Amino acid sequence: MAKKILIVCTGNLCRSPMAMALLQAKLARDEAHQDWVVESAGTWGGEGRPASAHAVAEMAERGIDLSSHLARPVTLEMVAEANLVLVMTQNHAEAVKMAFPDQAHKVYLLSEMIGRAYDIHDPYGSPRIEYIHTARELENLIDSGYERIVALAEGPADPSNEAASVSRKT
């Protein structure tokens, strides 16, 4: 059965759309997970706004078209349907967990996928070089944390499952 991963940032204009596109591209190259779905949303922001021009340009450099992306707010339905929710910052984790407490067990920082727990810088409104750094960081986290991402999405989304949980500070 196809799994669904939701990636959340603030405005759904930079980090989460780039991470969504990068993870979807990686899954598409993995025969066992080609049918998985990756979506993105924001904790707040302008619904229907396009991805940042620099985010679109960074993904284009990698052969990924992000030009049709439109921002949307995170909803209970999105979180409930997701097998895994990856967020960019502690604030995003807190916001999603507070808004949807019954789904809190699915929420992880993207940085936790490599065994760390730190916030990923928001490049919004910054020069292109900041988007380059953020895109590289997202790419490295997804590549290095891919096995963990897959394991968490495949595992039972049950907060009492010790095998699926990692030592967390969230």
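None of the figures in this text is laboratory data; all of them are computed from the coordinates on show. None of the values given here were measured: they were computed from a predicted structure. When we count neighbours, we look across all protein chains shown, and the Cβ atoms used for this are built from the backbone with ideal geometry, even at glycine.
Counting only Cα atoms, the chain measures 43, 35, 27 Å along its principal axes, largest extent leading.
The protection proxy used here, the mean number of other Cβ atoms lying within 10 Å of each residue, ranks peptides 118-125, 20-27 as follows, highest first: 20-27, 118-125. Between the beta carbons of Ala117 and Lys4, assuming R0 = 22 Å, the FRET efficiency works out to 0.40 to the nearest 0.05.
Highest average first, the peptides 47-55, 102-110 ordered by how many other beta carbon atoms sit within 10 Å of their residues are 102-110, 47-55.
With 0.36 nm allotted per residue and the present C-alpha distance subtracted, the Ser144-Ile129 stretch has 3.2 nm of extension available.
Close amide-amide hydrogen proximity is noted between Arg49 and Ala71, each under 5 Å apart and 5 or more residues distant or on a separate chain (H modeled in the peptide plane; Pro and chain starts excluded). Taking each DSSP H run with n ≥ 4 as -39500 (n - 2.57) and averaging over every residue of the chain yields -12500 deg cm²/dmol at 222 nm.
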